[in-house]
1. Can you pull the Rg over Rh of the chain, Cα-only, Kirkwood?
2. How long is the gain from Glu65 to Ala331 if the chain were fully straight, where each residue apart is worth 0.36 nm and the alpha carbon distance is subtracted?
3. Under 25 °C and 0.890 mPa s, how fast does region 4-134 diffuse according to Stokes-Einstein, given a Kirkwood radius computed over C-alpha pairs? Answer in µm²/s, whole number.
4. List the residues, sorted by chain then number, that are 5 or more residues from Phe312 or on another chain and whose placed amide H is less than 5 Å from its amide H.
5. Using the Cα centre as the reference, give the magnitude of the dipole from point charges on the C-beta atoms of region 136-346 (Lys, Arg: +1; Asp, Glu: -1; all else neutral), rounded to the nearest 20 debye.
6. Choose one answer from Gln223, Gln74, Gln101: the residue with the largest mean-square fluctuation in a GNM of the chain with alpha-carbon springs under 10 Å.
7. Let's test the formula: R0 of 22 Å, r as the Cβ-Cβ distance of Glu7 and Glu129. What FRET efficiency results, to the nearest 0.05?
8. Calculate one ³J(HN,Hα) per residue across region 331-337 by plugging θ = phi - 60° into the Karplus curve 6.51 cos²θ - 1.76 cosθ + 1.60, and present them in order as whole Hz with x for glycine and proline.
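Just so you know, all these numbers are worked out from the coordinates, no wet-lab data involved. Note that the structure is predicted; figures quoted are calculated from it, not measured. Methodologically, a virtual Cβ is constructed for each residue, glycine included, from the backbone with ideal geometry; neighbour enumeration extends over all protein chains shown.
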Amino acid sequence: MQPIWWEEGKVVLIDQSKLPHRQENITCSTYQEVGDAIREMRVRGAPAIGVAAAFGFVLAAREYENLPAGLFSQKLRKVATFLSATRPTAVNLFWALRKMQMVVAEYIGDDPHIITNELEKAALKLAEEDRDNNRRIGELGLSLVCPNARILTHCNAGALATAGYGTALGVIRAAQGAGRLERVYVDETRPLLQGARLTAYELVKEGIPVTLITDNMAGYVLQQGMVDLVMVGADRIAANGDVANKIGTYSLAVLAWVNNIPFYVVAPTSSFDFQLATGAHIPIEEREAHEVTHFLGQSTAPAGVDVFNPSFDITQAEYITAIITEVGILAPPLKVGIEKLGEVVAGE
Ligand code: MRU
């Protein structure tokens, strides 16, 4: 399953807000449409957001490629600012836009048509590399999966959240392929139910055994010894190993810690923010109240009630057993491994 692709000069994406009831595609012809799709979470998941932004940037470049070079670059700077403002937490968005702007800088002085062609190639490569990285993550992560593994996951770190295959679900897919998976437990992930709507959808579709639980059942399930390990994705990883991921991840990590169950974060190097000292500096997106006061369009709370709706939380490095990336597995002290990883990435 692939949530986003480039087709005849347009961006096509699966409208994830409609899943699991309907699998419908949306075609975006402008960068504004891509920006709206990210903001409205029709495309979501850190790596997928990055890919969408890169494709959106190419749409803008095509729109402006007949302008004089100076004006073309100026317009693209504004486009990057617009796309950056869609969602604040997943660092892959800013990483992808930086990659696109580096292409513009590399070809500065060339005809905008040439730069646009290079941008299109770069965006396609970025998507391709994300899929390859996830396969590699799956292979590497397999070494941490015991026979007959029962794995708990949260939110959706699957094919839908990436350019394809998935991060945490990538390892789960690899474990299923290797005959090492007994069952996946998935938290429904309130308020937007990415676990129930998207992760369960991906797994059921592929015949991977999955049991859906509500978020508040996770503690009981871990305490009863029903789970061997927890695997989640990440939206941003700070230099000390603190991880921002979907709200509820922190509670799960503490519960895993208390119950002596390994807690793995699975993420590509594009999800690391090497310059950010700790998770305390990661901006946490707050979304609208109706996501909490309503369920499937139906109100579940008294009108006018105050609501707090943070979309992500921070799990401190001390609760994380290891981070699985496409270039290796980082074990504690995470800070040391991340510093070395930062040097590798900077040298590429
Ligand atoms: O708000 P979302 O659905 O974009 O949040 C997604 C998550 O928190 C995922 O776990 C994370 O992006 C990792 S995806 C490989």
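1. Ratio of gyration radius to Kirkwood radius for the chain: 0.97.
2. 91.1 nm
3. 168 µm²/s
4. Ile247, Glu285
5. Numbers: 13 positive and 21 negative charges, 110 e Å.
It comes to approximately 520 debye.
6. Most flexible of the set in this elastic network: Gln74.
7. Values: r = 19 Å, r/R0 = 0.88.
Working from the Cβ atoms, E equals 0.70.
8. In residue order, the calculated couplings are 10, x, x, 4, 4, 5, x Hz.
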